[in-house]
Amino acid sequence: MIYTRFQAKAILKPVKALEEGARRVEQGDLLVPVLYEGKDEFSTVCGAFNRMQDALRREQEKNRAYEKARFDMVNGISHDLRTPLTFIKGSIKGILDGVAATPQKQEQYLTIAYRKTCEMDGLLQKLLSVSRMEAGSIPLLIKERDLGEFVRNFAEESEAEWKNSGIISRIQVAAGPHPVNMDEEQLRRVLWNLSDNAVKYAASDPLTFTIQVYSGTEGEHLVFSDNGAGVREEDLPQLFEQFWRGDVSRSPKNGEGNGLGLAIAKQIVEAHGGQITAYNREGLAVEMIFPSGKESHA
């Protein structure tokens with residue numbers, strides 16, 4: 001009886017510890033581990049329970065951080081939408097009230113309203129992209145195109161706006177064809193996000209964009225770089241995380257970003273079967289590698 005009682009006590013001790021641990025987890029307390037110093041099979045079970053509890057706690061902290069970032073992002077975009085909306089309302093009211101009495105003044109007010117409408121459209125597109133990212137689907141209309149020709153066309157379309165903003169662009173396309181199966185609209189969004197990111201954070205005057213296209217053994221390379229301050233080495237691995245923004249901004253415009261542009265770029269590039277990385281090279285360089293269109297037909 002004494003031996004049986006001793007054995008029962010030895011067995012019930014870890015069982016009771018596990019029961020108390022499960023009750024704490026049920027109540028949301030994931031900080032206190034199950035304490036059991038035995039050397040029997042129960043020590044393995046208690047160890048597994050503690051590892052499970054640690055994993056739940058890390059996931060809970062990650063979800064809290066994600067929800068906070070999401071809340072901050074929605075607040076930020078709401079604030080960003082309010083600013084152009086105020087400009088648009090003011091411009092229209094100015095025209096209706098007769099403040100813009102001359103054709104030149106009316107054209108000026110309408111130009112401001114149009115530009116601010118484009119800003120709002122860009123913000124709404126980002127929100128739409130986030131919804132698609134969370135649903136795990138970005139629709140692609142794939143056609144084989146030459147990556148070098150695509151980059152030249154993009155630069156030509158953007159040249160006027162870049163010049164008005166004092167931005168210098170350099171396009172370097174290596175000789176030879178650069179066939180890639182791509183959705184031009186989505187890849188254009190990638191380049192716009194990269195250029196927008198550089199404008200916000202590069203902190204360089206004058207700001208210079210360099211866009212390179214060349215062929216490599218892994219596929220077709222597209223590199224977008226700026227002449228800014230770069231990014232801290234420890235921050236580079238997190239650069240493409242959704243809602244992430246570095247604590248030390250590369251720009252005096254700290255807080256203007258919403259941590260979406262590069263995450264959307266990564267999602268689009270990977271949807272094309274490509275890879276995207278970032279590194280410092282006289283500023284921040286973002287390199288994308290796409291499967292060659294010829295290889296995909298092989």
Practice task
Could you tell me whether the stretch 126-134 includes any residue that is among the basic types (Lys, Arg), surrounded by fewer than 17 Cβ atoms within 10 Å (Cβ to Cβ) and at pLDDT 85 or above?
Solution key: no
Practice task
Kindly indicate the residue of the stretch 167-195 that is within 19 Å of residue 264 (Cβ to Cβ) and charged (D, E, K, R) and also least open to solvent (accessible area, probe 1.4 Å) among those meeting that condition.
Solution key: 183
Handout entry: Cβ pairs under 8 Å, 6+ apart, first in the stretch 199-220 and under 20 Å from residue 181 (Cβ atoms) and open to solvent by 40 Å² or more (accessible area, probe 1.4 Å), second among the acidic types (Asp, Glu) and at pLDDT 90 or above
Key = 214/220
Exercise for the section: Being aliphatic (A, V, I, L, M) and closer than 30 Å to residue 34 by Cβ is the filter; apply it to the stretch 53-81 and report the residue that is modelled with the lowest pLDDT. Expected result: 65
Handout entry: Residue satisfying condition, being touching a strand residue (DSSP E or B) at 6+ places or on another chain (Cβ under 6 Å), modelled with pLDDT under 90 and β-branched (Val, Ile, Thr), within set 248, 231
Key = 231
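The values are calculated or read from the model by the stated rules, or taken from the named source; none is laboratory data. Note that the structure is predicted; figures quoted are calculated from it, not measured. Cβ sites come from the backbone with ideal geometry, for glycine too, and all protein chains shown count toward neighbours. Surface accessibility is based on the protein's heavy atoms, side chains included, excluding ligands, DNA and RNA. Shrake-Rupley method; radii C 1.70, N 1.55, O 1.52, S 1.80 Å.
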